[in-house]
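Novice: Got a structure here, written out as structure tokens. Questions coming.
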Amino acid sequence: MWNYTEKVFEHFKNPKNVGEIENPDAVGEVGSIVCGDALKLTLKIDRITEKIVDAKFKTFGCASAIASSSALTEMGKGLTLAEAARITTQQIADFLG
């Protein structure tokens with residue numbers, strides 16, 4: 001019945017960084033009418049290093065959308081904005097196994 005990896009299951013059942021940062025330095029929103037998933041990502045950024053010091057998300061969607069959003073926040077912390085902007089869907093899939 002469950003065709004996802006254990007890591008996907010873990011990030012779905014116990015997602016990391018759920019919520020919204022108060023007074024964020026950056027906000028990103030994306031959604032797909034076709035599949036019905038929507039993501040709001042808020043970031044706190046160190047203005048000197050341009051590194052992401054905190055990331056939170058709110059996602060409406062399926063298990064894989066929630067797990068992917070959780071993984072993205074974990075992967076992005078500590079990266080510069082330029083580095084985080086280069087995270088691909090394949091890298092998220094690899095992270096989740």
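Novice: For the chain, state the semi-axes of the equivalent ellipsoid (square roots of 5 times the eigenvalues of the alpha-carbon gyration tensor), sorted largest first and rounded to whole angstrom.
Specialist: The three semi-axes for the chain are 23, 15, 12 Å.
Novice: Probe 1.4 Å, all protein chains in place: accessible area of Glu20 in Å², nearest 10?
Specialist: It works out to around 80 Å².
Novice: Using heavy-atom solvent-accessible surface (probe 1.4 Å) with all chains present, what is the largest-first order of Cys62, Cys35?
Specialist: Cys35, Cys62
Novice: Another question, if that's okay. Carbon and sulfur atoms: what percent of the 1.4 Å accessible area of segment 18-97 do they account for?
Specialist: Looking at segment 18-97 in its full context, I get 57 percent from C and S.
Novice: Using a 10 Å cut-off on Cβ atoms, rank the peptides 80-89, 7-16 from the highest mean neighbour count down.
Specialist: Descending packing order for the listed peptides: 7-16, 80-89.
Novice: By how many degrees, between 0 and 90 and to the nearest 10, does the Cα long axis of helix 63-76 differ from the longest principal axis of the chain?
Specialist: 30
The values are calculated or read from the model by the stated rules, or taken from the named source; none is laboratory data. Just so it is clear, the model here is predicted, and its values are computed rather than measured. Neighbour counts are summed over all protein chains in view; Cβ atoms, including those assigned to glycine, are modelled from backbone coordinates with ideal geometry. Heavy atoms of the whole protein, side chains included, go into the accessibility calculation; ligands, DNA and RNA do not. Shrake-Rupley method; radii C 1.70, N 1.55, O 1.52, S 1.80 Å.
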